[in-house]
Each structure stands twice: as structure tokens, then as C-alpha cells.
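Trainee: Here it is: the structure, laid out below.
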Amino acid sequence: MSLWKRVYVERRAVVLPLIALLVANVAALALGVFPLRQSVANAQDEAYRATTGLEAARRDNQSARTARVRKDEADVELTKFYTDVLPKSPAEASYLTHLWLQLRARRYNLDFQTGLYKVEPLRESRLSKASGNVLLRGTYADIRRFLYDVETAQEFIVVEKVELGESGSLQDSAGGIVAVTLDVATYFVTPGGGGEK
Amino acid sequence: MLRNNLSSRPFYNERAVSLVLGAVALVALALTAYNATEIYGLSRQRAALHADVTRDSEATADIRQQTSTIRTGLEVPVLSGLLVSTQEANSLIDQRTFSWTVLFDYVGRTLPYDVRLVAVAPLLDRGRFMVKMIVVARQPEDLETFFAALRETGAFSDVTSTAEQVQDDGTLRADVQAAYTPPKLATPPGKTGDAPAAGPAAPAGEAPAARTPGRTNGTTGGRP
């Protein structure tokens, strides 16, 4: 009997449990610890993905909230523009481009004549445009005052074009009479929402 | 000398064997402790991670649901329509707040004596004003003088004559076009960024008050 065999036989009570314990530990490493490590690594990846997904969802949510707020603000501002700033009806638009301008012209001693007037809905818009031209005759200074008055008024009226008559001159500020044609326009919400987007 | 061991149980170093076995036992116990600790720790870590994943996934689903609700009414066609309406409103407000007074100040200051302004119209092109003018001049040099004077104001650029025609009386009629940047006097309230601009302030706000001729023109005097 060799020495090692003899040692084994004589110390079997210790050696066998030791071997069993070592085998069990190796098995625990191979079947428990290493797979568990892999599982934890996978779970970490999954947790990372879940966290980044959550952050993305939060950013998306914030973006949606911001868009919602801006959209609501835009709606309010647009409604305010349509209802408080623009003429409320075709009649009011007509009043603005005719009588209102005439009253303003009278303030500055200007002769006032209206010309063409037309109303047309704007393409792909809720709005219609009421436009026309008016002929003013007076001193250059008075016409400048009239224009200033119109452009600083509350009413929404746009002077689109100014044409000076043959005798008119910007250098003529000495009181000579100047004839000026203005193309004016205003806008209103088309009744019935025609052409609404 | 006789070296053979004739005993039935030859002697060996039992202490050394005991030491080896003891060392192996210690290693086995240490390994056992290590495995137990690892398994316990990793299991807890995994459970915690799974809990985090579950919590985050539920929160994500919840937030996505909220986002979906918030986005109702924010569909692309709706927003596109709103954008178009907003741009239209801004454009109208820009046209409304255009100051003829300031423009006439510039033109009055720069127009040579032998050039007469016949018509003028501002056009809004992609947020930039283009001013189209029809002028009549006695000589082409007068036109050049006028163009140079317009450029010198700093408010006009790209001043060009798009069409010229000699009239029966020998004068030169020219269609003039220039990019025009009105001086920044005040930002109309309600017209900031790309938010829809509206509100009565735009046509009737502080801007016109600050737009008195005297503010931008030292020659033609103050408010009419």
C-alpha cells in the first residue's frame, strides 16, 4: 500500500468531507456565483435601460407640456388678436376703411375721397381682407400728421401703398397742396369660418 | 549500512499531513464563506435591480400615458395650422406697425431735389421689409445720388433699380427696390419669439409713441 493510500485510509473521516466540501464549493461557484454575476450584470443593463427610458419619457413629457403650454398661449393670443384687435365684422372693416379714415382726414383738413373697395377671403386662412384706396388732398405736413395719426391709432388698419400725385413732392413742405392716394386694408375673421384651415 | 525499513507500518510525518489537511480545510471554509457571501450579496443586488427596473418601467408607462394625454390636440396638422395662423398674424402685425412716418423721414432726407417720389409700398418678405418705390429723376446721376444717400442711412440695403424708362419729357422713371430695416424702437408686446403674436398692443402699443419723427430724424422735426 502506497503512502498516500495509507494516509487516505487512515484519515478518511477528514479527507472525504474535505473533498466533498471542495466539490460543493466549486459547484456553487460554477452553478451559483458565476451565473448570478451574469444575471446581475444583465439586470444592471436592464436597469440602465429602464432609467434612460424613464429619463427619455420625462424629457418627452416635458417637451409635450411645453408644447401644450405654447399651443394654449398661441390659441389665446390668436383668439385675442382675432376678437380684440381685428374688426369684428365686414361692416366694421368697411367703417374703418371709409368713415373712420374720413373722420381722421377731416381732423387734418384733408380732402377725402374713397375709390375702389373690395372684400376677399384670404387663401387658406380664417381671415378676409377688406381693402380699398382713398385719395387725400392737403398740405404735405397735414398728410404726414394724418399718416402718423393712422399708424398710432388703436384700429387695425394697414396702409399698404402711398402714391403721390404729379404735383406732390416730399421736398414740398412749404404748404403747397399735395394729392396722395393710399391703398389701405384691414382684416377680419370670415363669418362662418370660410376658408378655415 | 542497512537502509531497509522492516516495520509493518513504516513511519511518516503525520504532523505535516495534518498541516496540509488543516490548510485545505481552511481554504475550503474560506471558499464556502466567500460563496455564501457572494450568493447572498448578488441575490440582494439582483432583487434590488429588478425592483428598480419594475419601478422605472411603471413610472415610464405612467409618464408615457400622461404624455399621450397631453399630446391630444397637438397633432401635426393642428400645430401646422396654428403655425400658419401665427405667422399670418405676425405678418399682419408687422405690416400694421410699419411706420410710414419713419420711412418718409428717411426718404425726405435722402431724396435729391431733382428726384420726385411717385409711389412707395413696403412688402414683407420672410420677415424682412422690402420697400418698392417709383421715382422720377431728371438725370441718372440723381438716382445714383439718391441710392447712395439711402444706403448711408444704414436702414436701406441692396438698393437697386429694377426698371428704368425715359419719359416723353426727358425725365427718367425708375422702379427702385431696397431692403429696409426700420430702426428698433420697441418690441410690440405679444410679439416675441415664435409664439403667436397678437393683441391690441401690436398696433396700438408703445411702439408708435416711440416712433415720433423726431426720434429718428433730426431734420424734419418732431411729431407732426
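Only the coordinates and a few stated rules stand behind these numbers; no lab work does. Predicted, not measured: the structure shown is a model, and the values here were computed from it. Neighbour counts run over all protein chains shown; Cβ positions are idealised from the backbone, glycine included.
Trainee: Quickly run through the stretch B:80-110 and pick out the residues that are closer than 30 Å to A:Gln62 by Cβ, facing another protein chain (nearest Cβ under 7 Å) and among the hydrophobic types (A, V, I, L, M, F, W, C).
Mentor: Listed by number, the residues that qualify are B:Leu82, B:Val84, B:Ala89.
Trainee: Among the residues of the stretch B:37-56, are any surrounded by 15 or more Cβ atoms within 10 Å (Cβ to Cβ), at the interface with chain A (Cβ under 7 Å from one of its Cβ atoms) and among the small types (Gly, Ala, Ser)?
Mentor: Looking for residues that are surrounded by 15 or more Cβ atoms within 10 Å (Cβ to Cβ), at the interface with chain A (Cβ under 7 Å from one of its Cβ atoms) and among the small types (Gly, Ala, Ser), one finds none in the stretch B:37-56, hence no.
Trainee: Out of the stretch A:128-159, which residues are surrounded by 18 or more Cβ atoms within 10 Å (Cβ to Cβ), at the interface with chain B (Cβ under 7 Å from one of its Cβ atoms) and touching a helix residue (DSSP H, G or I) at 6+ places or on another chain (Cβ under 7 Å)?
Mentor: A:Arg144, A:Leu147, A:Tyr148, A:Glu151, A:Thr152, A:Phe156, A:Val158, A:Val159
Trainee: Also, I was wondering about something else. Going through the stretch A:38-75 one residue at a time, which ones are closer than 29 Å to B:Leu31 by Cβ and surrounded by 16 or more Cβ atoms within 10 Å (Cβ to Cβ)?
Mentor: Listed by number, the residues that qualify are A:Ser39, A:Val40, A:Ala43.
Trainee: When only residues in the stretch A:43-69 that are at the interface with another protein chain (Cβ under 7 Å from one of its Cβ atoms) and hydrophobic (A, V, I, L, M, F, W, C) count, which is farthest from B:Arg46 (Cα to Cα)?
Mentor: Filtering the stretch A:43-69 for residues that are at the interface with another protein chain (Cβ under 7 Å from one of its Cβ atoms) and hydrophobic (A, V, I, L, M, F, W, C), the one farthest from B:Arg46 (Cα to Cα) comes out as A:Ala67.
Trainee: Now a separate question. For B:Gly81, state whether it is without any contact (Cβ under 8 Å) to a residue 40 or more places away in the chain and at positive phi.
Mentor: Details: without any contact (Cβ under 8 Å) to a residue 40 or more places away in the chain: yes; at positive phi: no.
Here the answer is no, as B:Gly81 does not meet what is asked.
Trainee: Would you mind stating whether A:Val162 is without any contact (Cβ under 8 Å) to a residue 24 or more places away in the chain, of a type outside the set (Asp, Glu), under 21 Å from B:Leu103 (Cα atoms) and within 8 Å of another protein chain (Cβ to nearest Cβ)? Talk me through it step by step, then tell me what you get.
Mentor: Numbers: without any contact (Cβ under 8 Å) to a residue 24 or more places away in the chain: yes; of a type outside the set (Asp, Glu): yes; under 21 Å from B:Leu103 (Cα atoms): yes; within 8 Å of another protein chain (Cβ to nearest Cβ): yes.
Spelling it out, A:Val162 is indeed without any contact (Cβ under 8 Å) to a residue 24 or more places away in the chain, of a type outside the set (Asp, Glu), under 21 Å from B:Leu103 (Cα atoms) and within 8 Å of another protein chain (Cβ to nearest Cβ).
Trainee: Going through B:Pro122, B:Pro140 one at a time, which residue ends up being buried (at least 20 other Cβ atoms within 10 Å of the Cβ) and in contact with a strand residue (DSSP E or B) (Cβ under 9 Å, 6 or more places away or on another chain)? Explain how you work it out, then say what you get.
Mentor: Values: B:Pro140 fails: buried (at least 20 other Cβ atoms within 10 Å of the Cβ).
Of B:Pro122, B:Pro140, the one residue that is buried (at least 20 other Cβ atoms within 10 Å of the Cβ) and in contact with a strand residue (DSSP E or B) (Cβ under 9 Å, 6 or more places away or on another chain) is B:Pro122.
Trainee: Counting only residues that are within 13 Å of chain B (Cβ to nearest Cβ) and either surrounded by fewer than 18 Cβ atoms within 10 Å (Cβ to Cβ) or more than 15 Å from A:Leu147 (Cβ to Cβ) (or both), how many does the stretch A:97-108 have? Even if it seems obvious, please write down each step before you answer.
Mentor: At the first step, the residues of the stretch A:97-108 found to be within 13 Å of chain B (Cβ to nearest Cβ) are A:104, A:107-108.
Next cut, either surrounded by fewer than 18 Cβ atoms within 10 Å (Cβ to Cβ) or more than 15 Å from A:Leu147 (Cβ to Cβ) (or both) only: A:107.
So the answer is 1.
Trainee: Please name all residue pairs, on different chains or six or more residues apart, with Cβ atoms under 7 Å, provided the first residue is in the stretch A:132-145 and is at negative phi and the second residue is of a type in the set (Gly, Ala, Ser) and buried (at least 20 other Cβ atoms within 10 Å of the Cβ).
Mentor: Partner pairs satisfying both residue conditions: A:Leu136/A:Ala105.
Trainee: A further question on this structure: Please find, among A:Val40, A:Val26, the residue that is under 14 Å from B:Gln45 (Cα atoms), within 9 Å of chain B (Cβ to nearest Cβ), among the hydrophobic types (A, V, I, L, M, F, W, C) and part of a helix (DSSP H, G or I).
Mentor: That would be A:Val40, the only listed residue that is under 14 Å from B:Gln45 (Cα atoms), within 9 Å of chain B (Cβ to nearest Cβ), among the hydrophobic types (A, V, I, L, M, F, W, C) and part of a helix (DSSP H, G or I).
Trainee: In the stretch B:116-143, which residues are touching a helix residue (DSSP H, G or I) at 6+ places or on another chain (Cβ under 8 Å) and away from chain A (no Cβ under 13 Å)?
Mentor: Listed by number, the list holds a single entry, B:Gly127.
Trainee: Output the number of residues of the stretch A:180-193 satisfying the condition of being within 12 Å of chain B (Cβ to nearest Cβ) and out of contact with any Phe, Trp or Tyr (no Cβ under 6 Å at 6 or more places or on another chain). Reasoning before the result, please.
Mentor: Taking the stretch A:180-193 and keeping what is within 12 Å of chain B (Cβ to nearest Cβ), we get A:180-189.
Going one step further and asking which of them are out of contact with any Phe, Trp or Tyr (no Cβ under 6 Å at 6 or more places or on another chain), we end up with A:180-185, A:187-188.
Looking only at that region, the number is 8.
Trainee: State whether one or more residues within the stretch A:84-93 are out of contact with any strand residue (DSSP E or B) (no Cβ under 8 Å at 6 or more places or on another chain), under 30 Å from B:Thr37 (Cα atoms), assigned to a helix (DSSP H, G or I) and facing another protein chain (nearest Cβ under 7 Å).
Mentor: No: the stretch A:84-93 contains no residue that is out of contact with any strand residue (DSSP E or B) (no Cβ under 8 Å at 6 or more places or on another chain), under 30 Å from B:Thr37 (Cα atoms), assigned to a helix (DSSP H, G or I) and facing another protein chain (nearest Cβ under 7 Å).
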